[in-house]
Amino acid sequence: MNTDTNTPKKKWSVFKIIILSSFVFLVIAGVLLYNNLNRLLSESLLKSFNSTVVSDVYELKFENLRVNVFEGTIRVFSVVLQPREKPLRVYPYINSSFRLTTEKLTLKNVEIFTLLESKELNLERISITKPEIELMLTGKRNIMLPFKDTTATVSQPKAEKKSLGSFKLNEFQLIDAAFHVINEGKQREFKVKDFNISMYDLVINQDPGKYGTSFNQVALSIGELSWDLEKGPLKHVGFKDFKVGVDSLALEFTLDTMIYRFHDFNTGLHDLDIQTKDSLFHVAVKSFDLSYKDKSIKLKGVSFKPNVSHAVLQRKHQYQNTEFSGSVGKLEVKDVNFDSLIYAKKLFIDEIKLDNVKATIFKDKTKPIDSARRPVYLGQTVRAISLPLLIKHVKATDVELENTERKPDSAYAKVNITKATLEVKNITNLSTRDGLQMKADAHINGKAHFKVALTFSYQKPQFNFEGEVKKFDLPDLNTLIQAYTPAQINKGVSDEISFVGLAEQTRATGTMKFLYHDLEIDLLLKEQAKWKSAVIAFAANTVLNSSNPVSSDSPPREVKFSIQRDMTKGFINVLIKSILNGLKETMIMSKENREIHKASKKQSKKDNKK
C-alpha cells in the first residue's frame, strides 16, 4: 500500500489564530482582572473599616475574598474581628470587649463600585456562618464601642476618622453561632451553642454621645446554653431550644442609659435546669412560653426539689425551719400588663391558674423555737412587698399537700391533703377596702372533706375564718389523731363540723357546731404518762357524751372557743388551734359553755311545750 508522505499539512488561518489568541488573552486578562478586583475589594473593605472609630479599638483580618460582580455578592473567608493589643486611641469608658471569628462572611447586594471609589460599604444583606464570639465583661455597665464626640481626655488624632453614622440593612443573619461570655465583675461564665439570629430592616445611627438602632423584626434562637456562676445564689443554669421573636424594636444607648420600645415580643424555652450555689436545691422547667401580644405566660413541668435529705437541710438551721418543695404540672398567667411592669415597675395580673400541684412541707420540732421570730399575717406580708402589685385571682386545682413533722420525741407525724382546690383573690399592696380572700376545698387523708374560707385584712393584723367538714367516720382519722394525742377513736360518726371566728394579733375567738353520734374514745394515758398536748388535753376518766345532740329532743351543743396565739407561729397554727379548741369545748365544755347550753336546753323545753 502506497502512502503519500508529501501531502501538505493544513495550516490555521490567520483569522482562527487571532480568535484563539484573543480568547486566551481575555481569559488571562479576566483572571488577572478578577484577582486584581478581589485584591482591590479586600483593600477597600479594610480601608472602609479602618476609616471608622471602631478601628481605634478593634482590628479586622481575613484570609480570602471572593466577589460575584453580577450578583453583587462578596464572600469573605476566615474572618477575625478582635481587640487591638494596643488601641490607636484611648477611650477611658470602654471597659469590655468582644472577639469574633467565622468561617464565612457573606455580603449581598453590595455597591461594589462605591466601595472601590469611596471606600464606603453600602449593601442590603449580611450573613455570618458559624461564628465563634467571645465576650469579656468587666464593668457594671459594659461598653465595648467608642461613642462619637465622647470625652475631652481622648487624644487628638492625626486624621479625623468617621463615626458609624447611619447604616441600613434589609437583613442580617447570624447562623449557628457559638458564644462564650466571661463576666469578671460578677464572676460568671456561660456558653451558648447553635445561636441563630435574623434581623430585618436594620437601621443603626450614631449621634454625639449615643447609638440608636431599630429593627422591623428580630428572630433569635439558642439550641443550648450552659451558665456557671461563681457568685450569687445560683451555681449552674442551663436550657435548650430558647426562642425570642420581637416586632418593631427600637433601642437607644448612651454611656449610662438604654431606652427601648417595641410593638410585640414572644419567647420560650425547654428543659430549664437550675442548681443552687450550695447544690442543695434543683429547679427545673419543662417548657416556658411568653407572649406580649397575648398578655400571657405559660409554664409546664415546674419543680423545686432538694438534692439532699431533710437531715442535711436542717443542719443549716439552729431553730425550727419549715422546708418547702414541690412541682406544678401546668402554670398559666393570663392578662399580664407587661407595659406597667416594664415601664412603671408595677405588676398587674388578672389571673394565675395552676394545675396538678404536688407540695411537701417538713418541720423538725426537736429543734428549739426562735423566740425572736414574729411572723405576720398574709395581709401585712403582701403590703410589705416593695413592688406595687395587683393579682386579681389565683386558682390551683388538683392539689396534693404532704405535711410531715418530726415531733419533740423524734417520732414522725404526717398529714395528707388531697383532691384540693385553692382560690385566692385580691392580692395587692395598693389602696383597697377589700381584704385578701382565700378559699380551700380538700380532703384530709382522703377521708374528711372540708371547706374553709379566710379573709385577711390589709389594714389590721387580723383575719376572719369560717369552714365546715362534711360527714365522715371518725375512726378514719385515727392515724392523724394518734400522731398528736394519746387517744384512739373506736367508733363514731361526725355528722357536721362548722365554725366561724376572728383571729386578731394575739388571740382568736369564734363559735363551733360539732354534731356526732356513737362516739367511743380510748384514752391511752397509761402508756404515755408524761404526755402533754400544746393544743388539746383530754381529761382522764372523763365521761364523754356519745352523741351531740344527746337525744332527738335536746338542742345540740354549740360552743364558743378562745385561744391565745403563739406569737412565734403564723396563721395556720392559729386556725388549727382554734378548730381543736372548738372540738374540745364541744366534748368537755367550760363553765361558760355549760351555762350557755343549759340556757339553750331550757329554751328548747319551753319551745317544745308550746
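The values are calculated or read from the model by the stated rules, or taken from the named source; none is laboratory data. The structure displayed is predicted, hence computed values, not measured ones. Quick reminder, even Gly has a Cβ in these numbers, built from the backbone with ideal geometry, and neighbours come from all protein chains shown. Keep in mind that these areas ignore ligands, DNA and RNA; they rest on the heavy atoms of the full protein, side chains included. Shrake-Rupley method; radii C 1.70, N 1.55, O 1.52, S 1.80 Å.
Per-residue answers, yes or no, for (1) closer than 24 Å to Asp271 by Cβ; (2) open to solvent by 30 Å² or more (accessible area, probe 1.4 Å); (3) in contact with a Cys (Cβ under 8 Å, 6 or more places away or on another chain); (4) part of a strand (DSSP E or B):
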residue	(1), (2), (3), (4)
Phe190	yes, yes, no, yes
Phe195	yes, no, no, yes
Gln206	no, no, no, yes
Leu225	yes, no, no, yes
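From the list Lys367, Lys346, which residue is charged (D, E, K, R), open to solvent by 60 Å² or more (accessible area, probe 1.4 Å) and modelled with pLDDT of 90 or more? Exactly one residue qualifies, and that residue is Lys346.
Exactly one residue out of Gly232, Gly245 is in a strand (DSSP E or B), at pLDDT below 90 and more than 30 Å from Arg406 (Cβ to Cβ), and it is Gly245.
The sole residue among Ser604, Ser578 that is touching a residue at least 60 places away in the same chain (Cβ under 8 Å) and not in a strand (DSSP E or B) is Ser578. Scanning region 380-399 for residues that are open to solvent by less than 60 Å² (accessible area, probe 1.4 Å) and either without any contact (Cβ under 8 Å) to a residue 40 or more places away in the chain or in a helix (DSSP H, G or I) (or both) turns up Gln380, Val382. Here Pro475 passes the criteria (1) open to solvent by 40 Å² or more (accessible area, probe 1.4 Å); (2) in contact (Cβ under 8 Å) with a residue 24 or more places away in the chain; (3) not aromatic (Phe, Trp, Tyr) except the one numbered (2).
Considering only residues that are assigned to a loop (DSSP other than H, G, I, E, B), polar (S, T, N, Q), over 30 Å from the mean Cα position of the chain (by Cα) and on the phi < 0 side of the Ramachandran plot, which ones fall in region 412-464?
Gln459, Gln462
Hey, does region 255-267 have a residue that's open to solvent by 50 Å² or more (accessible area, probe 1.4 Å), of a type in the set (Ser, Thr, Tyr) and part of a strand (DSSP E or B)? Yes, the conditions are met somewhere in region 255-267. For region 445-458, the candidate set comprises residues that are free of Cβ contacts under 8 Å to residues at least 60 places away in the same chain and out of contact with any His (no Cβ under 6 Å at 6 or more places or on another chain); within that set, the residue that is least open to solvent (accessible area, probe 1.4 Å) is Ala448. For region 314-332, does any single residue satisfy the condition of being in a helix (DSSP H, G or I) and touching a residue at least 40 places away in the same chain (Cβ under 8 Å)? Scanning region 314-332 turns up at least one residue that is in a helix (DSSP H, G or I) and touching a residue at least 40 places away in the same chain (Cβ under 8 Å). Scan region 208-223 residue by residue and report those that are under 19 Å from Arg125 (Cβ atoms) and either open to solvent by less than 30 Å² (accessible area, probe 1.4 Å) or not in a strand (DSSP E or B) (or both). If the condition is that a residue be under 19 Å from Arg125 (Cβ atoms) and either open to solvent by less than 30 Å² (accessible area, probe 1.4 Å) or not in a strand (DSSP E or B) (or both), then Thr213, Phe215, Val218 are the ones that fit. Restricting region 108-134 to residues that are out of contact with any Lys or Arg (no Cβ under 8 Å at 6 or more places or on another chain), buried (at least 17 other Cβ atoms within 10 Å of the Cβ) and among the aliphatic types (A, V, I, L, M), which is modelled with the lowest pLDDT? Per the criteria, the residue is Leu115.
Does at least one position in region 279-300 carry a residue that is under 30 Å from Arg406 (Cβ atoms) and open to solvent by 80 Å² or more (accessible area, probe 1.4 Å)? Among the residues of region 279-300, not one is under 30 Å from Arg406 (Cβ atoms) and open to solvent by 80 Å² or more (accessible area, probe 1.4 Å), which makes the answer no.
Of the residues in region 64-99, how many are aliphatic (A, V, I, L, M), surrounded by fewer than 19 Cβ atoms within 10 Å (Cβ to Cβ) and at pLDDT 85 or above?
3
If you check Gly301 against the conditions, is it assigned to a strand (DSSP E or B) and in contact with a Phe, Trp or Tyr (Cβ under 9 Å, 6 or more places away or on another chain)? Here the answer is no, as Gly301 does not meet what is asked. Going by the conditions given, is Glu332 in contact with a His (Cβ under 9 Å, 6 or more places away or on another chain) and either open to solvent by less than 40 Å² (accessible area, probe 1.4 Å) or more than 23 Å from Gln275 (Cα to Cα) (or both)? When the stated conditions are applied, Glu332 does not pass them.
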